[in-house]
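Colleague: My structure is below; once you've seen it, I'll send some questions.
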Amino acid sequence: MKITVLAGDGIGPEIIDAALEVMQATEKKFGLSIEYDRKLMGGCAYDKYGVSLPEDTLKSAKTAAGVLLGAVGGPKWDKVEPSKRPEKALLNIRKALGLYCNLRPMTVSKYAVHLSPLKEERAVGADLLIVRELTGGIYFGEHKEAAMVNGVETASDIELYTRPEIERIARKAFEAAKLRRGKVTSVDKANVLGSSRMWRRIVTEMQEKDYPGIALNHMYVDNCAMQLVQNPKQFDVILTNNIFGDILSDEASTIAGAIGLMPSASLGDGTGMYEPIHGSAPDIAGLGIANPLGTILSAAMLLRYSLKQEAAAQAIEKAVDAVMDAGYRTPDLVGPGLTKVSTSEMGHLVAQAVVKG
Ligand code: IPM
Ligand code: MG
């Protein structure tokens, strides 16, 4: 089977190399045979081909069992026209692969709780999953760039959702909640937005009809932003639209104290794409200090969801825990009594721990 590998920009190549070392060790251990097809996407593709998502990259991804992504973008491409920006490549590949469901788990790890901006008693035990709609809403509605309209400079972006788009993402959230603690909080802005009122009505109907065993509550997004800081433990599954999920998932990841540890999966009805939550961190690119664990854990999610190799996925997760328990840390998480390692050393350590089992 084939996996398309998109290292991308900034720290992307370093974290991807570390994750591939772990994948290869896992592959051997579990007798899998994976072909890695490295392609360009993002600013690196723009620099080489003048487009951020080359046809050839998309073709590879469409025929892959899964896609592993580092990160894209950086200030270098800030002035590139909007349709060619690295971020646009990410939006376009999600759309082209039909990846409408973004899963962003946030668990306060015992290794990072001291780095959480929250008081320890508020943070410890928080364990939530953000289910973000990924191919609709304002990121995909009609964009009108700034232009003069009746003598006034004007720009607009449309938030648009259809019933099927809401139903399919809500279903993913309800199904995820069944495997967790059975609670869904649907987040919207129904006091202001028509699209949110429809969202709330459809989600409520679905719970009543198909998921009576799931506890559903609704929350306005501004309140949710506050509640996440005040009492993150109240949340199990957070179901929300594209823009609110983008914002809330950054907020949630910081509560965990270590954005570098957070993986994500973008799923549809076919292939899936897996990437760490953090960005391309151009300021530390090439220094060998980036934390590759978010990418390594994303590779575990790839094995779980796209390759259906649960045991292999767990082996990676266990290996990460073992290496952390042994006290190894990249600079973002290091502290007294711990051993500082580089990005690639962290990759070797986790790969070795997989082999040892
Ligand atoms: C993310 C990122 C992207 C998004 C950007 C880079 C387009 O912020 O994955 O959260 O908004 O979806
Ligand atoms: Mg984001």
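Just so you know, all these numbers are worked out from the coordinates, no wet-lab data involved. Since this is a predicted model, take the numbers as computed values, not measurements. Ideal geometry is used to build each Cβ from the backbone, glycine not excepted, and the neighbour counts take in all protein chains shown.
Colleague: Going toward the positive end of the dipole of the chain, with +1 on Lys and Arg Cβ and -1 on Asp and Glu Cβ, which of GLY260, LEU228, LEU32 do you reach last?
Modeller: It is LEU32.
Colleague: Just how far, in whole angstrom, is the range 5-54 from the range 146-225 if you go by their alpha carbon centroids?
Modeller: The distance from the Cα centre of the range 146-225 to that of the range 5-54 comes to 33 Å.
Colleague: Next up: Give the Kirkwood hydrodynamic radius (Å, one decimal) of the range 305-357, defined as one over the mean of 1/r across all pairs of different Cα atoms. Let's see the in-between values first.
Modeller: Working: mean 1/r = 0.0855 Å⁻¹.
It works out to 11.7 Å.
Colleague: Among ALA281, VAL354, PHE244, flag the residue with its Cα farthest along the positive direction of the charge dipole of the range 209-357, charges on Cβ as +1 for Lys/Arg and -1 for Asp/Glu.
Modeller: VAL354
Colleague: Using only DSSP helix segments of four residues or longer, with each worth -39500 (n - 2.57), what per-residue ellipticity at 222 nm results for the chain after dividing by its residue count and rounding to 500? Before the final figure, lay out the partial values.
Modeller: On the way: 12 runs with 144 residues, N = 357.
-12500 deg cm²/dmol, from helical runs alone.
Colleague: Where the convex hull is taken over the Cα atoms of the range 116-190, what is its projected area averaged over directions, in nm²? Intermediate values should be presented prior to the final figure.
Modeller: Numbers: hull surface 33.9 nm².
Approximately 8.5 nm², given one-decimal rounding.
Colleague: How big is the Kirkwood radius of the range 99-243, worked out from every pair of different alpha carbons and given in Å to one decimal? If you can, show how the numbers build up before the last one.
Modeller: Details: mean 1/r = 0.0604 Å⁻¹.
Over the range 99-243, the inverse of the mean reciprocal pair distance is 16.5 Å.
Colleague: Okay, moving on. Which value, in debye to the nearest 20, gives the size of the charge dipole of the range 19-127 about its Cα centre, when Lys and Arg are +1 and Asp and Glu are -1 at the Cβ? The partial results should precede the final answer.
Modeller: Values: 18 positive and 13 negative charges, 40 e Å.
I would put it at about 180 debye.
Colleague: Quickly rank 113-125, 343-355 as a protection proxy: mean count of other C-beta atoms within 10 Å, highest first. Before the final figure, lay out the partial values.
Modeller: Values: 113-125: 14.2, 343-355: 21.2.
The densest-packed peptide leads the list: 343-355, 113-125.
Colleague: For the chain, what does the equivalent ellipsoid look like in terms of its semi-axes, each the square root of 5 times an eigenvalue of the Cα gyration tensor, given largest first in whole Å? Provide the component values of the computation, followed by the final result.
Modeller: Numbers: eigenvalues 192, 134, 84 Å².
That gives 31, 26, 21 Å for the three semi-axes.
Colleague: Next question, about the same structure. Restricting to Cα atoms and excluding each atom paired with itself, what does the Kirkwood estimate give for the range 77-157 in Å?
Modeller: Working: mean 1/r = 0.0610 Å⁻¹.
Across the range 77-157, the inverse of the average 1/r is 16.4 Å.
Colleague: Can I ask one more? With just the Cα atoms of the range 210-310, tell me how far they stretch along each of the three principal axes, in Å, largest first.
Modeller: Cα extents, longest axis first: 47, 33, 22 Å.
Colleague: Now, a different point. Considering only Cα-Cα distances, which of the following residue pairs are longer than 27 Å: LYS39/LYS95; LYS110/LYS233; LYS172/LYS209; LYS88/LYS144; LYS62/LYS189? If you can, show how the numbers build up before the last one.
Modeller: Details: LYS39/LYS95 18 Å; LYS110/LYS233 15 Å; LYS172/LYS209 15 Å; LYS88/LYS144 15 Å; LYS62/LYS189 35 Å.
Beyond 27 Å: LYS62/LYS189.
Colleague: Now, a different point. Given N residues in the range 236-295, what is Rg(Cα) / (2.2 N^0.38 Å)?
Modeller: 1.26
Colleague: If you build the Cα gyration tensor of the range 262-357 and take the root of 5 times each eigenvalue, what three semi-axes come out, in whole angstrom, biggest first? Intermediate values should be presented prior to the final figure.
Modeller: Numbers: eigenvalues 115, 63, 17 Å².
Result for the range 262-357: semi-axes of 24, 18, 9 Å.
Colleague: For the range 122-174, give the magnitude of the charge dipole about the Cα centre (Cβ charges: +1 Lys/Arg, -1 Asp/Glu; no others), in debye to the nearest 20.
Modeller: Working: 7 positive and 9 negative charges, 77 e Å.
Taking the Cα centre of the range 122-174 as origin, the dipole is about 380 debye.
Colleague: I've got another one for you. Picking from ALA311, ALA25, ALA176, which is most flexible by a Gaussian network model of the chain using Cα springs under 10 Å?
Modeller: ALA311
Colleague: Please give the length that would be gained between ARG168 and VAL149 if that part of the chain were fully extended, namely 0.36 nm times their separation in residues minus their C-alpha to C-alpha distance (nm, one decimal). Walk me through the numbers before you get to the answer.
Modeller: Numbers: separation 19, 0.36 × 19 = 6.84 nm, distance 3.75 nm.
Gain on extension, ARG168 to VAL149, equals 3.1 nm.
Colleague: Can you list the equivalent-ellipsoid semi-axes of the range 179-263, largest first and in whole Å, using the square root of 5 times each Cα gyration tensor eigenvalue? Present the calculation step by step, with values, prior to reporting the outcome.
Modeller: Working: eigenvalues 103, 53, 23 Å².
Gyration-tensor ellipsoid for the range 179-263: 23, 16, 11 Å.
Colleague: Let me ask you something else. Mind putting a number on the dipole of the chain about its Cα centre? Charges go on the C-beta only, +1 for Lys and Arg and -1 for Asp and Glu, and I need it in Debye to the nearest 20. Intermediate values should be presented prior to the final figure.
Modeller: Working: 41 positive and 43 negative charges, 151 e Å.
Computed about the Cα centre, the dipole is about 720 debye.
Colleague: How do 204-211, 238-245, 146-153 rank on mean C-beta neighbours within 10 Å, highest first?
Modeller: Numbers: 204-211: 14.5, 238-245: 25.0, 146-153: 8.0.
Answer by packing, highest mean first, reads 238-245, 204-211, 146-153.
Colleague: With a 10 Å radius around each residue's Cβ, average the other Cβ atoms per peptide and rank 159-166, 46-53, 314-321, 299-306, highest first. Before the final figure, lay out the partial values.
Modeller: Details: 159-166: 16.2, 46-53: 17.9, 314-321: 19.6, 299-306: 24.6.
My ranking of the peptides, most packed first, is 299-306, 314-321, 46-53, 159-166.
Colleague: Run through the DSSP bridge list for the range 1-135 and note the antiparallel percent, rounded to the nearest 5. Don't skip to the answer; put the middle values down first.
Modeller: Numbers: 7 of 17 bridges.
Percent antiparallel among DSSP bridges in the range 1-135 is about 40.
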